[in-house]
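Q: Take this structure, written in C-alpha cells, and hold onto it; I'll ask about it next.
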Amino acid sequence: MMENGTQQTTGSGKKLLPGSVIGVLGGGQLGRMIALDGIRMGYSFVTLDPTPNSPLGQMAEQITAGYDDVEAARQLAESADVITYEFENVDAGVAKLLEEQSYVPQGSKLLYTTQHRLREKAAIEAAGVPVAPYREITSLTDLQSAATELGLPCVLKTATGGYDGKGQAVLRSEDELESAYRELAASGTELVLEKFVKFACEISVIAARTPSGIVKSFPPAENVHVNNILHLSVVPARVQSDVQRRACQLAERVAEGLGAVGLLAVEMFVTEDGELYVNELAPRPHNSGHYTMEACSTSQFEQHVRAICNLPLGDTTLLSPVVMVNVLGQHLEEVVQRFGNEDTLAESLGVVPKLHLYGKSEAKLNRKMGHINLLCGDVDAALEWVEKMNIWRQD
C-alpha cells in the first residue's frame, strides 16, 4: 500500500512514514480522532466496523462487517500497511489472523490479556505493580468465602466485557451476594471479586511505547465519574507532585512489562495516604486522555500514530491547565445550542471551551457524543463553568 520511500527498516524495527495506510479495527470516536491527527500528518486510513457510516468511516474507506468476519479482516489486511485497534473488545482470533497476514505492532497478546480481568491483573502484578486484592470466583461458595476474606464492601465483576459500570456490582452486605452472583454468572464468563479500595480519588496515566521500546507518559488526569460513566477529567490532577511522578513511573513500568505498543491507559486508585493501586488497563487511546488534544504539545492520538509507526514520540508537556467534560446524549442539544451564542461566562472566568463532536447518528441517553476541553488558568475556574452552565445537572 505504501508509496516508494514511506517505509524504513532500521535496527530498531519497521518505521512507517507519512504516505502509509493505517487500518483500524473499529470505526468509533477514538478511531475518528486518531485519523484526524493521522491525516494531518499525511497518513491514509481504512476501517473495519459493522455500523455503516461510522464516525471514522465518514473520513476514511470503510469495510462494513462484523469484527469476527474473517474475510473482512483479510480485506483490511490487504488494504493497510499497519493495523491498530481503537477499542479492546474486538475478536482476539481476528486480531491473531491479522497479525499473521499483516503488520499489527500491538499484537494479539496484549489484546488477549486486557480483554480478561484475571489475566490483566496477573500481568500487572508480574510487572511489579500493585493491584487491589482480588479472587477468582467460580461458584457462589467461592464468592461467600472470598467476601469474608476480603471484607465488605467489595466489587464483583465479569472477567470479560463490561464498561461504563456494566458487568459489575458493588456488594455491601451478605444478603446481596447470591442475587449479584446469579445475575453476573448468567453472562457465562468467569467472575472476579475485588476488595473495595477506600480511595481519595481516581487518576489515569496514558503511556506510549514504540516497537523499539521507547516509552513516554502524559501528565496524570484526575477522573470524576457519575453513574459509573466518566464525567470529567482534571489536569493537573489534584494530588501531590510525588504521587503524579510515581503514577507515571507505574504506568511506564506496566507498558514495558506487557511489551505494549501504541498507547496504554492505566487507571489507578489513590488512597488517602498516597498509595497507588492499578485498577484497569486499556490498550488504546482513552477518554481520560482527550484533554491532550489542546492542552499538550502532542495529543494522545498523534502519539498513538507515532508509536505504532515507530516514529520518535512527541513531547508530552502540559501547556495549560484543563478540564475535559463529556457530552452525553442527554447533553448534546443544549451544548450545540449554547455554542451558537456568545459565552460571557467563559470570558468572565478566563476559560476557553473547545468542542469536539463525534459524528454519531443518534443521541441516546448516556451515550458519549462528544467532549469539551476547557483550557484555563486554574482548574477551579473550568469546574465553575461546568457547574454554572447547568447542562450536566443531575435531574
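The values are calculated or read from the model by the stated rules, or taken from the named source; none is laboratory data. The model shown is predicted, which means the values in this text are computed figures rather than measured ones. Using ideal geometry, Cβ is built from the backbone for each residue, glycine included, and neighbour counts are taken over all protein chains shown. Protein only, heavy atoms only, side chains kept; ligands, DNA and RNA dropped before computing areas. Shrake-Rupley method; radii C 1.70, N 1.55, O 1.52, S 1.80 Å.
Q: Give me the distance between the Cα centres of the range 95-111 and the range 215-272, rounded to whole Å.
A: After rounding, the separation between the Cα centres reads 26 Å.
Q: Using a simple charge model, +1 on the beta-carbon of Lys and Arg, -1 on the beta-carbon of Asp and Glu, nothing else, what dipole does the range 133-195 show about its Cα centre, in debye to the nearest 20?
A: Roughly 160 debye for the range 133-195.
Q: What dipole magnitude, in Debye to the nearest 20, does the range 112-216 give about its Cα centre under +1 on Lys/Arg Cβ and -1 on Asp/Glu Cβ?
A: 540 debye
Q: Calculate the FRET efficiency for R238 and L318 from the Cβ-Cβ distance with a Förster distance of 22 Å, rounded to the nearest 0.05.
A: For R238 and L318, the calculated efficiency is 0.95.
Q: Give, rounded to the nearest 20 debye, the magnitude of the charge dipole that the chain has about its Cα centre when Lys and Arg contribute +1 at Cβ and Asp and Glu contribute -1 at Cβ.
A: 640 debye
Q: Which residue, G128, G274, G31, has the most motion in a Gaussian network model of the chain that connects Cα atoms within less than 10 Å?
A: Checking each option, the largest mean-square fluctuation is seen for G128.
Q: K121: which lysines have alpha carbons under 26 Å from its alpha carbon, excluding same-chain residues fewer than 8 sequence positions away?
A: Candidates past the 8-residue exclusion: K96, K109, K157, K166, K195, K198, K216.
Q: Now, a different point. Can you tell me which of G13, G262, G28 moves the most in a GNM of the chain? Springs connect C-alpha atoms under 10 Å apart.
A: Among G13, G262, G28, the largest GNM mean-square fluctuation belongs to G13.
Q: A further question follows. If contacts are Cα pairs under 8 angstrom and at least 6 residues apart, what is the relative contact order of the chain in percent?
A: Relative contact order, the chain: 13 percent.
Q: Same structure again: Farthest toward the dipole's positive end in the chain, which of V323, L152, N227, given Cβ charges of +1 (Lys, Arg) and -1 (Asp, Glu) about the Cα centre?
A: V323
Q: Put K121, K198, K368, K14 in order of accessible area, largest first, 1.4 Å probe: what do you get?
A: K198, K14, K368, K121
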